[in-house]
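Okay, so here's the structure we're looking at.
Values in this text are rule-based calculations from the coordinates and carry no lab data. Just so it is clear, the structure is predicted and the values come from calculations on it, not from any experiment. Positions of Cβ are backbone-derived with ideal geometry, glycine not excepted, and every protein chain shown enters the neighbour counts.
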Amino acid sequence: MSKILFRDPNVTIFQSALYQTNSTVVRTDDLVLVVDPALLPDEVAAIREYVESIREDRSVFLVFTHSDFDHIIGYKAFRADKVFMSETMAENPKRIAILEQMFEFDEQYYIKRSYPLEYPVPDFKVYRDAVQYRHLSTKMAFYLTPGHTADSMMVVVWQLGLCIAGDYLSNIEFPFIYHSSVEYVKTLEKLPRIHDRNWFTRLIPGHGAPALTINDWLQRRTDSLAYIYALRESIAMGTPFDEETFLGRYQFPRMQRKEHEANITLLRKEHEQGLWTWDPDNVPVLPEPIPFGETT
């Protein structure tokens, strides 16, 4: 049974026993928004039962922040009226490999599910920053956030001052950089501008505890940038990175050491390719918002 990590009248965060993976359910007057339903069958079933208990005549929307298998494995458990994801996720050339990861995960642990494992199919694809979507009185804004993966995105629910961020700004993980540290830094750099345009106070990461104040998620952003810059400096200057002290700050250093080592490998390749040159005239600028689109 998935535990409830946080609850208020509009937001419920279910957290899996695996990786402290968060699945967020948002209820407004008009809809139920389900973000990244995961992970074990009983946990997904608990989320589904809760959604069915509150949906009444509301629409149910599924949002996937990125394509990591642990965030999409609950897809077919839900009767969704609309599915949202980034265009990059919809067109991910590794879709079959990700689906195979799901099958391998279930077979490794002899897991049976009451629903099929499928890669999500979108009804709404986010193709640029500041795409806005309105369903009756509920307004959402979407932002592309590559870095962790190429296809990551965030969603802001306007009325609730809430940002659901995918695998960024976790309090239990440093940046896991699967795609690009350059894009990861750009994502972190534009977060304050996303905030200024949408004014969210609370941020829910994909793993760990929510940041319930602006200062909390800003500090997590600072810590993430400090890690990336320190690691870059170590690689560029050939100086030691104090891994023991750094990993000692986290609860699960044995597993996370592997993620840190993978970051080193990726950043070394970036350094060899000369990808870290900073251009002050090329600071990411958010485009103008696209007007809210009505549902049909």
Checklist outcome for this item: By the Cα gyration tensor axes a ≥ b ≥ c (a/c under 1.5 gives rounded; else a/b larger than b/c gives prolate, otherwise oblate), the shape of segment 47-154 is oblate
Item to check | Unsatisfied cross-links (Cα-Cα over 23 Å) in the set LYS3/LYS76; LYS76/LYS125; LYS76/LYS258; LYS82/LYS139 | outcome: LYS76/LYS258
Item to check | Mean Cα-pair separation over length for segment 1-148, i.e. relative contact order, pairs under 8 Å, 6 or more apart, % | outcome: 18 percent
Checklist outcome for this item: Summing -39500 (n - 2.57) over every DSSP H run of at least 4 residues in the chain and dividing by its residue count gives a helix-only mean residue ellipticity at 222 nm, to the nearest 500 deg cm²/dmol, of -11000 deg cm²/dmol
Checklist outcome for this item: Along the dipole axis of the chain (charges at Cβ: +1 for Lys and Arg, -1 for Asp and Glu; origin at the Cα centre), the most positive-end residue among PHE252, VAL32, VAL83 is VAL32
Next on the checklist: With +1 on the Cβ of every Lys and Arg and -1 on the Cβ of every Asp and Glu, and nothing else charged, how large is the dipole of segment 3-278 about its Cα centre, in debye rounded to the nearest 20?
Outcome noted: 500 debye
Item to check | Per-residue Cβ neighbour rank within 10 angstrom, fewest leading, TYR127, TYR115, TYR19 | outcome: TYR127, TYR115, TYR19
Item to check | Sites ILE264 and SER114, calculated FRET efficiency, Cβ-Cβ separation with R0 45 Å, nearest 0.05 | outcome: 0.65
Checklist outcome for this item: Rounded to the nearest 10 degrees, the helix 181-198 long axis (Cα) sits at an angle to the longest Cα principal axis of the chain of 50 degrees
Checklist entry - To the nearest 0.05, how large is the calculated FRET efficiency for GLN219 and ASP29 if R₀ is 30 Å and r is the Cβ-Cβ distance? => result 0.35
Item to check | Inter-label distance, nm, simple model (7 Å from Cα along the C-beta direction), GLU49/ARG254 | outcome: 3.3 nm
Checklist entry - Over the chain, what is the relative contact order in whole percent, taking alpha-carbon pairs under 8 Å and six or more residues apart? => result 15 percent
Checklist outcome for this item: Taking Cα atoms, the helix 253-272 axis meets the longest principal axis of the chain at an angle in degrees (rounded to 10) of 60 degrees
Checklist outcome for this item: The exposure ranking of ASP216, ASP57, fewest beta-carbon neighbours within 10 Å first, is ASP57, ASP216
Item to check | Spacing of the two label points (7 Å from each Cα toward its C-beta) at ARG232 and GLN132, in nm | outcome: 3.3 nm
Checklist outcome for this item: From the Cα centre of segment 181-219 to that of segment 24-103, the distance in Å is 22 Å
